[in-house]
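For reference, the structure discussed in these notes is given below.
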Amino acid sequence: MAAIAPTVTVTPAQSSIVNTQTLQVTIAVAGSGATPAGTVQLASSSYTSSAVTLASGVATVTLPAGVLATGSATLTATYTPDTASTAAYTTATGTATVTVSVVSVSLPQKLQGYKAQLAYNPGSGNVLIAGLKDVDGGFTVEELDATDHSNNGWKSRLAGLNDFSGSATLDFIAGDTSQQYLLNAVLNHTALTLTLYPVVSAGSTVQSFVGSAIITDWKWNGKTTDLQGVQITLKGNGPFSVVAQ
């Protein structure tokens with residue numbers, strides 16, 4: 001009798017997960033005769049698990065966090081018979097799908113608990129602008145998180161904040177290299193790198209963000225030659241992204 005393809009059933013423990021979760025998947029292989037023996041491997045996108053030996057036709061594979069593509073991820077299990085089963089069964093596959101979403105970043109409603117750094121990129125890497133005291137942009141959860149807001153009308157930006165506005169106060173120190181870069185940015189509307197980071201850790205879901213901004217307005221208010229205060233107004237120049245931890 002010719003070998004036949006057994007039925008491979010793939011059963012994820014959950015039908016939807018976020019990309020920071022692991023996922024346990026049960027794979028059952030059944031045939032019309034003896035219980036199939038051998039190994040199974042589970043694959044999705046560029047990830048393939050190691051081979052797991054069946055026990056009474058069943059095996060469990062745990063997928064690490066982050067290996068599944070965002071959206072509808074297809075899980076494909078491949079059964080390979082061992083020498084005892086090759087006469088009865090051929091290699092076979094089974095599939096299942098899982099919905100994978102990006103974990104929502106939890107942030108305060110405003111910039112409370114966050115500080116900011118401004119940096120100028122003169123072509124050889126970012127140079128921090130010294131003397132920065134405060135940045136206030138009234139940033140909201142909907143604008144700064146990394147969640148897909150495509151079903152929420154105006155909140156359709158996928159990678160954070162594109163067109164925010166904010167202000168900053170800093171001390172301008174005459175002769176400091178970074179202050180010359182700041183002056184260049186003021187005069188030429190050169191984009192500055194803006195990094196927002198938590199002052200105190202508020203849990204693993206609170207991330208740092210990096211984006212860019214241009215200075216649209218400024219006011220000098222210093223009374224001495226060497227140290228002057230400057231109030232600058234910032235406008236977003238591109239989306240923010242989460243800084244790798």
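Each value in this text was obtained by applying a stated rule to the coordinates, not by laboratory testing. Quantities reported herein were computed from a predicted structural model and do not represent experimental measurements. FYI the Cβ positions are ideal-geometry reconstructions off the backbone, even for glycines, and counts take in every protein chain you see.
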remark   = Applied in sequence order to the range 44-52, the curve 6.51 cos²θ - 1.76 cosθ + 1.60 (Karplus, θ = phi - 60°) yields integer Hz couplings, x standing for Gly and Pro, of 7, 6, 8, 9, 9, 6, 6, 6, 10
inquiry  = Nearest 5 percent is fine: what portion of the DSSP beta bridges confined to the range 7-101 is antiparallel?
reply    = 90
remark   = If amide H atoms are modeled at 1.01 Å from N in the peptide plane, then the residues at a separation of 5 or more from Asn121, or on another chain, having amide H under 5 Å from its own are Val127, Thr193
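Order these by the 10 Å Cβ neighbour count, fewest first: Ile4, Ile215. Intermediate results must be reported in sequence, preceding the final value.
On the way: Ile4 13, Ile215 21.
Ordered by Cβ neighbours within 10 Å, fewest first: Ile4, Ile215.
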Sequence-distant residues sharing a close amide H with Tyr89 (under 5 Å, placed H) = Ile4
